[in-house]
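Enquirer: I have a structure here, written as C-alpha cells, and I will follow up with some questions on it.
The values are calculated or read from the model by the stated rules, or taken from the named source; none is laboratory data. This one's a predicted model, so the numbers in the text were calculated from it and none came from an experiment. Cβ atoms come from the backbone with ideal geometry, glycine included; neighbour counts cover every protein chain shown.
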Amino acid sequence: MTIHEHIVKSYDSELERLYGEITRMGEIATSQLDAAIDVMVRRDTKAAERVVANDDAIDALEHEVSHDVLRLLALRQPMARDLREVYAALRISADIERIGDYAANVAKRSMVLNQSSPVTAAHGLPGLAKTANALVRDALTAFRNRDDKLAMQVWHRDAEVDAQYTGLFRELLTYMMEDPRNITSCAHLLFMAKNIERIGDHATNIAENTYFLVHGEMPAGLREKRDQTSQ
C-alpha cells in the first residue's frame, strides 16, 4: 500500500467513525421523542425523569462529533466534497442535539401535567410527534445514503407537521376559552406541541444539509409553510 492509499484509507475510516456517531445520535434522539410521548400518555413521572436524564447521552455524542470534526479539519484539511462531508456532519449533529433537547422538554412538561387531571386535548400530541419523528428518521436515512431525492421529500413534507401543529394549537385555544380551569394544562401542551413542531424544522435542516452535501448548494425556492398560529 502506498502512502497516499494509506492516507485515503485512514481518512475514510475517520469519516465512517463520524457517521457512526451521528447515526447513534439520531437513533437516541428519535427514541427519546417516542419515549417522551409514551410517558406522557401513561402519565408516568418516573419514566419521564429517565427520558430527561438520557439527554446527556446525545450531548456527549455531539461533543465527540465536534471534536472529531476539528481533528479532521486540522489534520486532513479537506477540500471540495470532502469539506462538505465534514461541514454537513457538524451541522447535522447540532440539529440532532436540538431534537434531543426538545424531546427532553416534552418529558419535563409531562411531569408537570401529571400533577393535575388529564386533559382531553392531549390526544393530538402523539399524532404530531409521529409525523415529526417520521421526518427525522427519513432525513437521517437520506443523509446516511446521500439520497438527495428523499431529502427533498422530507423538505416538502414539513408542511404536514405545520398543518397538524396549527390544528392542535387551535383546538387547545378552544379548550382554554371554554373552561379557564384548562388554561394551565393547555399552556403546557402548547409548549410541548411547539417543541415537536420545531423537531420537524430540524428534520428539514438535516435534509437541506444532505442536499448541500450532494449538490454543493442549498435547495432552490421557498419551502411551503402551513404554520398559521400567528394569524
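Enquirer: Among the hydroxyl-bearing types (Ser, Thr, Tyr), modelled with pLDDT of 95 or more and either part of a helix (DSSP H, G or I) or touching a Gly at 6+ places or on another chain (Cβ under 8 Å) (or both): is that true of residue 165 in this structure? Please lay out each step first, then the result.
Expert: Working: among the hydroxyl-bearing types (Ser, Thr, Tyr): yes; modelled with pLDDT of 95 or more: yes; either part of a helix (DSSP H, G or I) or touching a Gly at 6+ places or on another chain (Cβ under 8 Å) (or both): yes.
So residue 165 passes the test.
Enquirer: Here is a further query. Give the residue, chosen from 150, 189, that is over 30 Å from residue 84 (Cα atoms) and of a type outside the set (Val, Ile, Thr). Can you show your working first?
Expert: Details: 150 fails: over 30 Å from residue 84 (Cα atoms).
Matching residue, one of 150, 189: 189.
Enquirer: Would you check if residue 85 is part of a helix (DSSP H, G or I), crowded, with 16+ Cβ neighbours inside 10 Å, at pLDDT below 90 and of a type in the set (Asp, Glu)? Even if it seems obvious, please write down each step before you answer.
Expert: Values: part of a helix (DSSP H, G or I): yes; crowded, with 16+ Cβ neighbours inside 10 Å: yes; at pLDDT below 90: yes; of a type in the set (Asp, Glu): yes.
Considered against the rule, which asks whether it is part of a helix (DSSP H, G or I), crowded, with 16+ Cβ neighbours inside 10 Å, at pLDDT below 90 and of a type in the set (Asp, Glu), residue 85 comes out as yes.
Enquirer: Considering the range 112-148 alone, what residues qualify as being crowded, with 20+ Cβ neighbours inside 10 Å and touching a His at 6+ places or on another chain (Cβ under 8 Å)?
Expert: 113, 136
Enquirer: Could you list, in sequence order, the residues of the range 34-49 that are part of a helix (DSSP H, G or I), basic (Lys, Arg) and under 18 Å from residue 123 (Cβ atoms)?
Expert: First pass over the range 34-49, keeping only residues part of a helix (DSSP H, G or I): 34-42, 45-49.
From what's left, basic (Lys, Arg): 42, 46.
Answer for the range 34-49, where residues must be part of a helix (DSSP H, G or I), basic (Lys, Arg) and under 18 Å from residue 123 (Cβ atoms): just 42.
Enquirer: Please list, ordered by first then second residue, the pairs with beta carbon atoms under 7 Å, 6 or more apart or interchain, first in the range 43-54 and among the basic types (Lys, Arg) and surrounded by 15 or more Cβ atoms within 10 Å (Cβ to Cβ), second modelled with pLDDT under 95 and not in a loop (DSSP other than H, G, I, E, B).
Expert: none
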